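The values are calculated or read from the model by the stated rules, or taken from the named source; none is laboratory data. This is a predicted model, so every value here is computed, not measured. No Cβ is skipped: glycine too gets one built from the backbone with ideal geometry, and neighbour counts run over all protein chains shown. SASA here: full protein model, heavy atoms, side chains in, ligands and nucleic acids out. Shrake-Rupley method; radii C 1.70, N 1.55, O 1.52, S 1.80 Å.
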Amino acid sequence: MAKKAHIYIYGAIAQADPFAEMFGGESQTVSAKDISEQLANIKQKEIDVHIKSNGGSVSEGYAIHDLLVNSGKKINTI
């Protein structure tokens with residue numbers, strides 16, 4: 001098993017667009033739900049979080065922050 005896990009936050013930070021998902025398209029956003037699902041599958045104790053975002057929802061960003069901080073894992077941001 002790798003020493004570190006990686007999470008990629010590429011794109012706008014917002015809740016997923018339900019219409020894009022309904023019609024088979026992909027949402028170009030990263031949501032707290034996306035990060036929560038990724039965290040649930042990570043067994044490593046250290047995570048590198050790669051961020052390239054043009055911004056988005058402040059409340060969704062805080063939710064992502066809280067999920068990462070409360071994960072109990074060492075978080076490095078890149």
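Some notes on this structure:
- Residue match in the stretch 50-64 (condition: at pLDDT 95 or above, within 17 Å of residue 3 (Cα to Cα) and in contact with a Ser or Thr (Cβ under 9 Å, 6 or more places away or on another chain)): yes
- Filtered by the rule that a residue be over 17 Å from residue 10 (Cβ atoms), open to solvent by 60 Å² or more (accessible area, probe 1.4 Å) and assigned to a strand (DSSP E or B), the stretch 22-78 gives a lone residue, 74.
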